[in-house]
Amino acid sequence: MPKNTSAAAHLRRLLELLAAGAPAEDFGAVATEARRSGAGADDLAEIEQATQAALRVHSALRQHQRREAELTALFDTAGDLAALRDLDAVLRSIVRRARMLLGTDTAYLTLPDEEAGDTFMRVTDGSVSVLFQNLRLQLGEGLGGLVAQTARPYATPDYRTDERFHHTHSIDAGVLDEGLVAILGVPLLLGSGSGGKVIGALFAADRTPRTFSPDEVALLCSLANHAAIAIDTAKAMTDARVALAELAEANAVIRERSAAMQRAEESHDRLSDLVLRGGDVADVAAAVADLLRGDVTVFDAGGWPLTETARGADPAGGSA
């Protein structure tokens, strides 16, 4: 019979695994090894209790680490949003973080096309299929169309066989070409409650079956909220730039018209003063040429020139 290994040695091994951040399956191997080594019933019971405790601590640590990574990503996303310069760059960052945090093969974001009345792929990360990247979905079609229609998150461990969704040839062909199986989609919402408006959807997807946890759904919803704010902020900034451009154009027209009116008033006053002071046709022609910055010729009723004056010229023939 093999020599017994002390329970203390196995307990130390559990602590070493915990400190090293070993995968959960390694903890169960400690009790298996203790049985092989011929440990007594009391020692086995103690080792199994310690293993369960170690697994609980391991799970809590992993959860804290994941939560820390999530908060860091949300903080970074908020920083990107605060320094918003390029909407596409911000959306790519959000989609990339969604893929990284959920550990999925792909992530993507869709936006509505109000003119076409459907939704289209705006940003993808990890996608390899051109067919998938150019997919368009009507409201209610596929998982994404249902998310956009109901403003609720949806997840499936295997989209290909999930009958909850309205499958279409084009959507199924794109999903098949991308090789996607498990898909999680959440709405991009502006506002809350019944007054909330869906302005798009954010997705994370795997090429193998997978069940998405409630924590993962909540994380993707948080990222989607940031994406919604980014889109709304960018739209507001674009509208503001357009309004400022239109205002500048209107101000330029007003200034131009005001200057023209001022010139007209000055011309009227100058010509009136010239006539009142007894100026003749040549004097008036010279004044008009100067005001118009050009040449003026005055003709009589028969079409013969009475006087011809160039801008800046003295009607008597000298220089002005």
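The values are calculated or read from the model by the stated rules, or taken from the named source; none is laboratory data. These numbers were taken from a predicted model, which means no experiment stands behind them. Glycine gets a Cβ as well: all are built from the backbone with ideal geometry, and neighbour counts include every protein chain shown. Accessible surface areas use protein heavy atoms only, side chains included; no ligands, DNA or RNA. Shrake-Rupley method; radii C 1.70, N 1.55, O 1.52, S 1.80 Å.
Looking at ALA250, ALA201, ALA182, ALA236, which one is among the small types (Gly, Ala, Ser) and touching a Lys or Arg at 6+ places or on another chain (Cβ under 6 Å)?
On the way: ALA250 fails: touching a Lys or Arg at 6+ places or on another chain (Cβ under 6 Å); ALA201 fails: touching a Lys or Arg at 6+ places or on another chain (Cβ under 6 Å); ALA236 fails: touching a Lys or Arg at 6+ places or on another chain (Cβ under 6 Å).
Selected residue: ALA182, the only one of ALA250, ALA201, ALA182, ALA236 that is among the small types (Gly, Ala, Ser) and touching a Lys or Arg at 6+ places or on another chain (Cβ under 6 Å).
Anything in the stretch 43-76 that is farther than 18 Å from GLU216 by Cα and either small (Gly, Ala, Ser) or touching a residue at least 24 places away in the same chain (Cβ under 8 Å) (or both)? List them, or say none.
Scanning the stretch 43-76 gives ASP43, ALA45, GLU46, ILE47, ALA50, THR51, ALA53, ALA54, LEU55, VAL57, HIS58.
Just a yes or no: is a residue in the stretch 134-144 modelled with pLDDT of 95 or more, in a strand (DSSP E or B) and buried (at least 20 other Cβ atoms within 10 Å of the Cβ)?
For the stretch 134-144, residues modelled with pLDDT of 95 or more, in a strand (DSSP E or B) and buried (at least 20 other Cβ atoms within 10 Å of the Cβ): absent.
Report, by residue number, each residue of the stretch 115-133 that is open to solvent by 20 Å² or more (accessible area, probe 1.4 Å), modelled with pLDDT of 90 or more and not hydroxyl-bearing (Ser, Thr, Tyr).
Scanning the stretch 115-133 gives PHE120, MET121, ARG122, ASP125, GLY126, VAL128, VAL130, LEU131, GLN133.
Would it be correct to say that VAL123 is of a type in the set (A, V, I, L, M, F, W, C), farther than 21 Å from ASP232 by Cα, in contact with a helix residue (DSSP H, G or I) (Cβ under 9 Å, 6 or more places away or on another chain) and not in a helix (DSSP H, G or I)?
No; evaluated as a whole, the condition is false for this residue.
Please specify each residue of the stretch 258-302 satisfying the condition of being among the hydrophobic types (A, V, I, L, M, F, W, C), in contact with a Lys or Arg (Cβ under 8 Å, 6 or more places away or on another chain) and open to solvent by 60 Å² or more (accessible area, probe 1.4 Å).
LEU292
Tell me whether the stretch 155-172 contains one or more residues that are open to solvent by 10 Å² or more (accessible area, probe 1.4 Å), in the same structural domain as MET100 (by the TED database), closer than 15 Å to ALA98 by Cβ and not in a helix (DSSP H, G or I).
Scanning the stretch 155-172 turns up at least one residue that is open to solvent by 10 Å² or more (accessible area, probe 1.4 Å), in the same structural domain as MET100 (by the TED database), closer than 15 Å to ALA98 by Cβ and not in a helix (DSSP H, G or I).
When you check ALA182 against the structure, is it under 14 Å from ARG99 (Cα atoms), surrounded by 15 or more Cβ atoms within 10 Å (Cβ to Cβ), among the small types (Gly, Ala, Ser) and not assigned by the TED database to the domain that holds ARG62, yes or no?
When the stated conditions are applied, ALA182 passes them.
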